[in-house]
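Data block below; observations after.
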Amino acid sequence: MQMILAVWGIEREEVMQLSAEELLESNQDVLSVLGTTKRLHAADSEEFAELIKPYLDSSATIEGFQAWPLVQEARVFVKANILKDGLALVDLPGLSDAVESRAKVSERYNRKIDTTMIVTPSSRAIDEKTGVKLMSDYQTLRMKLDGRLQKNRFCVVVSQMDHIDIDGFIKQSPAAKNKDHMQHDRQNIQILSSRLHVLDQRIKESARKMDQLTARRDKANNERHALKGTGPGASKFKQDSKKYQEKLQAVQTKLTKARRALSSEDGTQKSLLKERQNAQLTLDMAQGRVKWTCMLIRHLHIQKRLTENLERQRREIEGASKCSGSHEGFSNIFSVSATAYRDLFKERKSEGFPTRSYTGIPQLRQWLSDSILEKREVHLDGLLNALRRLLHGIERWSNTKSAGVRVTFSRETIEDVLSRSHDKYTQRLSTALHGWSREIKTFDPFVQMDEGRKEIPGAQEPIMKQVEDIWIQYLDKLVVQIRDTSSELLPHFEESVPTMRGIKDEVRSKVLETLTKLSRSSCQIHPHFRTVLQEELEPVFEKCMKITGLGHYESRRKFLQDTVKAKSIGIFDKGFNKMRTKYDTHLAKVAQEFKAIAEFAITKVREQIALLLTNLETVSEKREGLSDNATTLRQEVGNEAVKWVLEWRVPKHDENPARPHSYLLPSAYVEPDAEAEDESESEDEAVGDDDGDVEMEDAE
């Protein structure tokens, strides 16, 4: 109803009299955008903001109606360094949003996100009267069950840290009052402000005096030029040489005095301006230090308060028995000022923020990069292992020096001999991994979700120990068979063994990926329990609402208590059985994926051996030889592969670069001329100037 009223702009009573078809037909402009996708593009951020505003802002309209309630999602594509590693930022309403459509959007995306940032303005976070509760108990429980209530996957961002009433804050904060330099800085601010007022008056007076002296000098200069001229007056003076000289001397003296007075006043004015500049710099430093100190003290207070609130919620949900002892907190809390960061980015001064590190944005960016590092690392490991194998294949294929080796048996014979080992160890590897898929069934993800979630990926090490034992036996067996069948091939085969050993690392990555996928899936089955509760309790509440008459409140209450008490065990059993069924579905996929991993490993070994045999010639093939063109092509490809190896082995940058930023705000206020600003802060240089593209899907 809220969406209809906002879009169609009609009264509730009028809506109630229309059918759905009549409502849609009443506004063809609205009907024309339903189910469509709008694509917007702009050269800079300000222009782009204006284009997208009607689709996101309730204060703007398009074609005479408000479009924002119809927008299902908006995807904004922008060039920014923070996004270059595959990070996607999603701005979601709360899970408990009053507008049902927005709550559904949050529910849909909640299953996809890896990390969570809750954003709250500093004015709300510091207000003692509001009793800030950033998340409902349901949201806290939901994040815990999803495995996201951890320090590396959850943080709180306190925005608008620069919005602070300094005088009011100092009056209310004992910590600010008692700060060592605070009293001294505030006294200096008063003294310097008064001094600047005096200097401004003196500079103003000096400027007025300069105007007068300039006019006096110009007048004397004009008189001198008049005397030296050729007009009748000048000729008359020149006839009386003595009188002319006296007059000329008097004008020259007058001009000299005017020039000296002007020069003296100019020096005085420059001195005043220099003094004012120094006083202003000192004042800016004192004001900046006072504001920064207040913002930092408030940040520490907010950090302490929010941590206590979040910890209290965690204890209430988990129970006191599980939360005994100290706990360092499960969330990072960042205070940021986007306005100050943008000002500094555009080389504008911002009081209290001498460099970008003070805005909190670099610290938050560092946390975001770190939070997705584990997922990126797993993906990168698999990619690097595949590239290493591909490079070895290219090197092997392009190695023309190995051509002409005489082998005793044909390629088909050698492959036939080795195939028996391939089949045997495929079966052994499959059996070992299948055994672990049965072992994982003993892990109970419902007893303690935190421990269960961590335990499943933790099975990787014992699995890989068994895989490694089988892999060593497999490669040893292949070496023996090569030596016994065609010993001429053995040196070339041994060159490929390191790459074949590397395939085991790809197996490790795939095993971890499978276990992590199962872990994440097990964390996402708990909503099914809630669904069962809703399905079971909905008819109970419908029946309850039919109880009317005198004393119906107590009758309804008793009915609910008795019914739920009688059915609770059955309802909970259904809920857990539903979760177990879903978990077993995910678990069944593990055996299939483990079997595919075993086949993948042996297949990659087969491919390496095939490359080796392709590059070696039998006696009959030796007579034909490679054509000159084929040899040249292989050599050129081999040279390029050598260049790649050299580039990868000699990195262009430091292999162990220092961390760009810690998560902490600077503890001391230092002006940029005394502190070299971190070069890493120059990233995201496209902010506000890059093209922006957006893709939006309108709700049907």
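The values are calculated or read from the model by the stated rules, or taken from the named source; none is laboratory data. Predicted model, so just to flag it, every value in this text is computed and none were measured. Backbone-built Cβ (ideal geometry, glycine too); neighbour counts: all protein chains shown. All accessible areas refer to the heavy atoms of the entire protein, side chains included, with ligands and DNA or RNA removed. Shrake-Rupley method; radii C 1.70, N 1.55, O 1.52, S 1.80 Å.
Things to note:
- Residue selected from the range 74-97 under the condition at pLDDT below 80 and out of contact with any Ser or Thr (no Cβ under 8 Å at 6 or more places or on another chain), by the criterion nearest to residue 155 (Cα to Cα): 86
- Residue 423 vs. criteria modelled with pLDDT under 70 and open to solvent by 40 Å² or more (accessible area, probe 1.4 Å): no
- Scanning the range 25-42 for residues that are closer than 30 Å to residue 342 by Cβ, out of contact with any Gly (no Cβ under 9 Å at 6 or more places or on another chain) and surrounded by 11 or more Cβ atoms within 10 Å (Cβ to Cβ) yields a single hit, 38.
- Enumeration of residues in the range 164-187 that are in contact with a helix residue (DSSP H, G or I) (Cβ under 7 Å, 6 or more places away or on another chain) and under 20 Å from residue 335 (Cβ atoms): 164, 166, 169, 170, 173, 175, 176, 179, 182
- Lone unmet requirement of (1) in a helix (DSSP H, G or I); (2) closer than 19 Å to residue 124 by Cα; (3) modelled with pLDDT under 90; (4) not basic (Lys, Arg) for residue 296: (3)
- Residue that is modelled with pLDDT of 80 or more, more than 30 Å from residue 287 (Cα to Cα) and part of a helix (DSSP H, G or I), where the choices are 593, 621: 593
- The set of residues from the range 202-214 being open to solvent by less than 60 Å² (accessible area, probe 1.4 Å) and not polar (S, T, N, Q) comprises 203, 207, 210, 213.
- Residue 496 being on the phi < 0 side of the Ramachandran plot and either in contact with a Gly (Cβ under 7 Å, 6 or more places away or on another chain) or surrounded by 17 or more Cβ atoms within 10 Å (Cβ to Cβ) (or both): yes
- Residues within the range 543-592 that are touching a residue at least 12 places away in the same chain (Cβ under 8 Å), over 30 Å from residue 432 (Cα atoms) and either touching a strand residue (DSSP E or B) at 6+ places or on another chain (Cβ under 6 Å) or aromatic (Phe, Trp, Tyr) (or both), tallied: 2
- Residue satisfying condition, being at pLDDT 85 or above and farther than 30 Å from residue 486 by Cβ, within set 565, 604: 565
- Among the residues of the range 349-360, those identified as open to solvent by 10 Å² or more (accessible area, probe 1.4 Å) and either under 15 Å from residue 87 (Cβ atoms) or outside any helix (DSSP H, G or I) (or both) are 349, 350, 351, 354.
- Qualifying residues in the range 459-472 (those that are part of a helix (DSSP H, G or I) and surrounded by 14 or more Cβ atoms within 10 Å (Cβ to Cβ)) - the one modelled with the lowest pLDDT: 460
- Any hit, the range 294-303, residues being over 30 Å from residue 354 (Cβ atoms), under 30 Å from the mean Cα position of the chain (by Cα) and touching a residue at least 60 places away in the same chain (Cβ under 8 Å): no
- Listed conditions (1) modelled with pLDDT of 85 or more; (2) open to solvent by 80 Å² or more (accessible area, probe 1.4 Å) are all met by residue 547, apart from (2).
- Residue check: residue 119 meets all listed conditions (1) modelled with pLDDT of 65 or more; (2) of a type outside the set (Asp, Glu); (3) more than 21 Å from residue 366 (Cα to Cα); (4) within 22 Å of the chain's Cα centre (by Cα) but one, namely (3).
- Selected residue (criterion: surrounded by the fewest Cβ atoms within 10 Å (Cβ to Cβ)) from residues of the range 61-82 that are within 16 Å of residue 4 (Cα to Cα) and of a type in the set (A, V, I, L, M, F, W, C): 62
- Only one of 151, 177, 228 that is at pLDDT below 90, open to solvent by 40 Å² or more (accessible area, probe 1.4 Å), of a type in the set (Lys, Arg) and within 36 Å of the chain's Cα centre (by Cα): 151
- In the range 519-539, the residues that are part of a helix (DSSP H, G or I) and aliphatic (A, V, I, L, M): 532, 533, 537
- As a summary of the residue check, residue 583 satisfies the conditions (1) modelled with pLDDT of 85 or more; (2) open to solvent by less than 50 Å² (accessible area, probe 1.4 Å) except for the one numbered (1).
- Residue 52 open to solvent by less than 60 Å² (accessible area, probe 1.4 Å) and free of Cβ contacts under 8 Å to residues at least 24 places away in the same chain: no
- Tabulated pairs, the range 251-274, first under 17 Å from residue 211 (Cα atoms), second in a helix (DSSP H, G or I) and of a type in the set (Val, Ile, Thr), C-beta under 9 angstrom, 6+ apart or interchain: 258/214; 262/214; 269/203; 272/203; 273/203
- Residues being open to solvent by 70 Å² or more (accessible area, probe 1.4 Å) and of a type in the set (A, V, I, L, M, F, W, C) - total across the range 535-544: 1
- Test: residue 480 is aliphatic (A, V, I, L, M), surrounded by fewer than 13 Cβ atoms within 10 Å (Cβ to Cβ) and at pLDDT below 80: no
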